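Remarks on the structure that follows.
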Amino acid sequence: MGIYYNAEHRVFHLQGPNTSYVIQLNKNGVPMHAYWGRKVSDAPWDGMLDFIERSSFSPNPYPEDRTISFDTLPQEYPAYGTSDFRHPAYQVQLADGSTITELAYVEHRIVNGKPKLSGLPSTYTEKDEEAQTLELVLQDEKSGMCVVLSYSVFTDHDAIVRSVKLINQGGTTLRLLRALSGSVDFRHDQFHFLQLSGAWARERDLYRRQVVPGIQSVESRRGSSSHQQNPFIALVSPNADEENGEAYGFSLVYSGSFVAQAEVDQFRTTRVSVGINPFDFEWRLEPGEEFQTPELVMVYSDEGLGGMSRSYHRLYRSRLCRGTYRDRTRPVLVNNWEATYFQFNADKIENIAKVGQELGIELFVLDDGWFGHRDSDDSSLGDWKVDYRKLPGGLADLASRVNRLDMQFGLWFEPEMVSPDSELYRAHPDWCLHVEGRRRTEARQQLILDLSREDVCDYLIESVSSVLRSAPITYVKWDMNRNMTEIGSALLPSQRQRETAHRYMLGLYRVLETITSEFPDILFESCSGGGGRFDPGMLYYMPQTWTSDNTDAVSRLRIQYGTSMVYPVSAMGAHVSAVPNHQVHRMTSLKTRGDVAMSGNFGYELDLTQMTDEEKAQVKDQVEQYKDIRHLVQFGDFYRLRSPFEGNDTAWIMVAADRSEAFAVYIRVLAEPNAPLDWLKFRGLDASARYRVEGSGAVYGGDQLMYAGVPIPRLHGDYQSHVWRLVRV
Ligand code: DGJ
């Protein structure tokens, strides 16, 4: 493992545990993409790239060599305007108005470890020996623009992690019109394109289609990574399934507008481009200034989608998420949102918490409505002062009442927003994103604070921190319930207005860095109307995300299955809520709701005081069962077994890293008359070990469980589930 440079052939070979990524400099110093895939030995790689002369429609930048056209050359960071007609990785406008630049090699550095990205979330190392980083320094001689391409490989993770720094070393202003995080040129187009798309309450449906000539793309123009498209795509071989075939994943560590696309060209090669969405983006680089792109995490697996996902899970769980809770199991919680909405008082909260404590729940979370005069969603965002009408003793009193029950206390915020009906807005009407003289479009009667401004960020840090200091709060749900419109900032000059959305993200990241550093022991959960910002950028600051506002057990199968393509189950919040379900009005059993929610950070989101004794007894058992398996949710390997996108049932299994135990979940959606018998084959177990199935006491070989499978019990009725707890004997 490591990064090797072959000076004779000017080849960089980046080796992970099972992956190789190879770059070669051409004779003019243009970094060419030579290979990415299964690990190869450290060959010199000379002659592996093939050059042939094409027609005059692929022009030749070097008159002496007609076999080279940028239109056909596989490149690492392609430019526009000098014969490559595909989408470039970057575009810069120079002082003379032109947009032509040509990057060529200047020098490179290979360093141990992984340098931090300034101001942006990223994967990291704890010790230098965990990774190596190649910094390839390129320059456009005419403009003085310098570009540093960074590539890191890890000792224990199969990922190529890329980012780019653009530095203005010239004497005039440069306008960045496009600055993507990475571009990869594949030699062929034999791929399926995978994306995670949806909407509020049905996030991350999995779509798969064959790539065709032209562009296939997902993007967000919402100022947020979005419910609609996740900042992730994968190219997989047409035969790839959960265990077999090649999968190339691209996951952007960013929470704002992005683009991720695959372009198939005339010669059936495929270019993947990922980064900040160039749409409505521009960044001025004055002499001496630099621009850092977000990080792109690329994973290759020849063990199908499952292998790709598990590489992401392990990396994100251990070297993207941070803080005390990275390595700790999470408390079982009860949240009052669907129990009370805005109508609650301290006694009501204490009563819910009391029942929760009796049932083994460890954390009470007070959701929206505790501040200002917020009796509905039309006021008070921005006024983070307790509403004494509802909580006469304040937060400290309520928290201590909850603590006296031997439960922790958590709190909801929506810090990035302001209600027009708020003291904050009346005092600072210019503190929201807006364009002078234009309407201010509201969503849920709220506007977005302008986090591109330092003073607004400072206010946010102080107002949230002072609440956190005021009471023993051990959990925060950080919500964000709308997307950006009229994106403009009162403080930026006209020529920098198109920087607002990215400056907002930089401001948000600073706020999160400051607050999470001051309160390292608080468990932060991010939320954006559920999973509207379920992205690696947010996970860097908050190790878990509220997966969806849709808590219906059947809808959750698709949502959690799709989310697991990239994100570990330890990052997903999953709660049991009341029936009929508040989002889809479906009736499902408490057992099925519990079995689905247990594959995530488990909790309840209903009025426990309204439950019958029988239901409470069942909840108590569920909580106990979850405590028995939650280390598998937190630290285990996740294997998908059956897909809700392909059939009537869903199954997955979480297996301990040492394969000594596992927890498998099966859900069948609709009952089938006179149904055939069915066996479920597990994955990830130790084939040579024997496992006891808790409850039944039966003992099977790991090989039997994986290759022959276990009979699925006869289930009666719709929306039924079954779980297996396996322990090695
Ligand atoms: C949206 C969140 O996703 C919900 O869980 C809840 O916190 C509401 N906001 C509160 O307004």
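Of these, THR101, THR123, which one is farther than 17 Å from PRO31 by Cβ and open to solvent by less than 50 Å² (accessible area, probe 1.4 Å)?
Among THR101, THR123, only THR123 is farther than 17 Å from PRO31 by Cβ and open to solvent by less than 50 Å² (accessible area, probe 1.4 Å).
State which residue is nearest to the chain's Cα centre (by Cα) when the search covers only segment 574-600 and only residues that are of a type in the set (S, T, N, Q) and open to solvent by 10 Å² or more (accessible area, probe 1.4 Å). Lay out the reasoning, then the answer.
Step one: list which residues in segment 574-600 are of a type in the set (S, T, N, Q), which gives 577, 581, 583, 588-589, 592, 599.
Okay, now just the ones that are also open to solvent by 10 Å² or more (accessible area, probe 1.4 Å), so 583, 588-589.
Values: GLN583: 24, THR588: 29, SER589: 30 Å.
For segment 574-600, the residue satisfying everything is GLN583.
The rows are residues; the columns are (1) at pLDDT below 95; (2) in a helix (DSSP H, G or I); (3) under 18 Å from ALA490 (Cα atoms).
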site	(1), (2), (3)
VAL435	no, no, yes
ARG440	no, no, yes
LEU447	no, no, yes
TYR459	no, yes, yes
SER463	no, yes, no
LEU468	no, yes, no
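Could you identify the single residue in GLN139, GLN75, GLN132 that is under 32 Å from the mean Cα position of the chain (by Cα), surrounded by 20 or more Cβ atoms within 10 Å (Cβ to Cβ) and farther than 20 Å from GLY2 by Cβ?
On the way: GLN139 fails: under 32 Å from the mean Cα position of the chain (by Cα); GLN132 fails: farther than 20 Å from GLY2 by Cβ.
From the options GLN139, GLN75, GLN132, the qualifying one is GLN75.
Does at least one position in segment 461-472 carry a residue that is open to solvent by less than 10 Å² (accessible area, probe 1.4 Å) and under 20 Å from GLY223 (Cβ atoms)?
Checked against the condition, which is being open to solvent by less than 10 Å² (accessible area, probe 1.4 Å) and under 20 Å from GLY223 (Cβ atoms), segment 461-472 yields no hits at all.
I'd like the full set of residues that are closer than 21 Å to ASP628 by Cβ and over 34 Å from the mean Cα position of the chain (by Cα), limited to segment 695-714. Steps first, please.
Kept after step one, since they are closer than 21 Å to ASP628 by Cβ, are these residues of segment 695-714: 695-700, 702, 705, 710, 713.
Across segment 695-714, the qualifying residues are GLY695, SER696, GLY697, ALA698, VAL699, TYR700, PRO713.
Given the options GLN190, GLN216, name the one that is within 21 Å of PHE267 (Cβ to Cβ) and assigned to a strand (DSSP E or B). Reasoning before the result, please.
Working: GLN190 fails: assigned to a strand (DSSP E or B).
From the options GLN190, GLN216, the qualifying one is GLN216.
Could you list, in sequence order, all residues of segment 374-392 that are under 14 Å from LYS348 (Cα atoms) and open to solvent by 20 Å² or more (accessible area, probe 1.4 Å)? It would help to see each step written out before you state the result.
First, the residues of segment 374-392 that are under 14 Å from LYS348 (Cα atoms): 389-392.
Listed by number, the residues that qualify are ARG389, PRO392.
Can you name every one of the helices (runs of 4 or more DSSP H) wholly within segment 497-591 that holds 3 or more residues which are away from the ligand (no atom under 16 Å from the Cβ) and farther than 20 Å from LEU252 by Cα? Break it down into steps so the answer makes sense when it comes.
Values: elements: 500-518, 536-541, 553-563.
It comes to 500-518, 553-563.
Would you please list the contacts, defined by Cβ atoms under 7 Å and residues six or more apart or on different chains, that run from a residue in segment 540-569 that is closer than 30 Å to THR125 by Cβ to a residue that is in a strand (DSSP E or B) and of a type in the set (S, T, N, Q)?
Note: pairs meeting the criteria are MET542/SER526; GLN544/ASN601; THR545/SER526; VAL566/SER251.
Out of all the residues in segment 412-431, which are crowded, with 22+ Cβ neighbours inside 10 Å and in a loop (DSSP other than H, G, I, E, B)?
GLU414, PRO415, GLU416, SER419, SER422
Quick one: which of PHE409, PHE371 is surrounded by 22 or more Cβ atoms within 10 Å (Cβ to Cβ), in contact with a Pro (Cβ under 7 Å, 6 or more places away or on another chain) and of a type in the set (Phe, Trp, Tyr)?
On the way: PHE371 fails: in contact with a Pro (Cβ under 7 Å, 6 or more places away or on another chain).
PHE409 is the lone residue from the list that is surrounded by 22 or more Cβ atoms within 10 Å (Cβ to Cβ), in contact with a Pro (Cβ under 7 Å, 6 or more places away or on another chain) and of a type in the set (Phe, Trp, Tyr).
List the strands (runs of 3 or more DSSP E) that sit entirely inside segment 113-171 and contain at least 2 residues that are assigned by TED's automatic domain parsing to the domain that holds SER301 and hydroxyl-bearing (Ser, Thr, Tyr). Spell out how you get there, then give the answer.
On the way: elements: 131-140, 145-154, 160-168.
The strands (runs of 3 or more DSSP E) meeting that bar are 145-154.
Using beta carbons and a limit of 6 Å, which pairs, at least six apart or on different chains, have the first residue in segment 595-612 and more than 22 Å from ILE653 (Cα to Cα) and the second one more than 16 Å from the ligand (Cβ to nearest atom) and of a type in the set (S, T, N, Q)?
If the second residue must be more than 16 Å from the ligand (Cβ to nearest atom) and of a type in the set (S, T, N, Q), the pairs left are THR609/ASN351.
Go through segment 51-95 and report how many residues are assigned to a loop (DSSP other than H, G, I, E, B), polar (S, T, N, Q) and in contact (Cβ under 8 Å) with a residue 24 or more places away in the chain. Outline the logic, then answer.
The initial filter retains those residues of segment 51-95 that are assigned to a loop (DSSP other than H, G, I, E, B), namely 51-74, 76-89, 94-95.
Narrowing the set further to residues that are polar (S, T, N, Q) leaves 55-56, 58, 60, 67, 69, 72, 82-83.
Next, only the ones that are in contact (Cβ under 8 Å) with a residue 24 or more places away in the chain stay: 58, 72, 83.
Total satisfying the criteria: 3.
Counting only residues that are open to solvent by 10 Å² or more (accessible area, probe 1.4 Å) and among the charged types (D, E, K, R), which one in segment 238-274 is nearest to ALA179 (Cα to Cα)?
GLU263
Return yes when GLY717 is over 30 Å from the mean Cα position of the chain (by Cα), surrounded by fewer than 19 Cβ atoms within 10 Å (Cβ to Cβ) and modelled with pLDDT under 95 and no when it is not. Before the answer, list the steps.
On the way: over 30 Å from the mean Cα position of the chain (by Cα): yes; surrounded by fewer than 19 Cβ atoms within 10 Å (Cβ to Cβ): yes; modelled with pLDDT under 95: no.
So GLY717 fails the test.
For the structure I just gave you, tell me whether LEU685 is touching a Phe, Trp or Tyr at 6+ places or on another chain (Cβ under 7 Å), part of a loop (DSSP other than H, G, I, E, B), of a type in the set (A, V, I, L, M, F, W, C) and not assigned by TED's automatic domain parsing to the domain that holds ALA597.
Yes: the conditions hold for LEU685.
Filter segment 52-71 down to the residues that are buried (at least 19 other Cβ atoms within 10 Å of the Cβ) and touching a Phe, Trp or Tyr at 6+ places or on another chain (Cβ under 6 Å), then identify the one that is farthest from VAL264 (Cα to Cα).
Out of the qualifying residues, it is ILE68.
Just checking, does segment 1-20 include any residue being within 32 Å of the chain's Cα centre (by Cα), modelled with pLDDT under 95 and open to solvent by less than 10 Å² (accessible area, probe 1.4 Å)?
Yes, some residue in segment 1-20 is within 32 Å of the chain's Cα centre (by Cα), modelled with pLDDT under 95 and open to solvent by less than 10 Å² (accessible area, probe 1.4 Å).
Taking segment 427-483 as the search range and keeping residues that are within 16 Å of the ligand (Cβ to nearest atom) and on the phi > 0 side of the Ramachandran plot, which one is farthest from the chain's Cα centre (by Cα)?
The residue in question is GLN445.
The values are calculated or read from the model by the stated rules, or taken from the named source; none is laboratory data. Because the structure is a prediction, the values reported are computed rather than measured. For neighbour counting, all protein chains shown are included, and Cβ atoms are generated from backbone atoms with ideal geometry for every residue, glycine included. Ligands, DNA and RNA are excluded from the accessible area calculation, which covers all protein heavy atoms including side chains. Shrake-Rupley method; radii C 1.70, N 1.55, O 1.52, S 1.80 Å.
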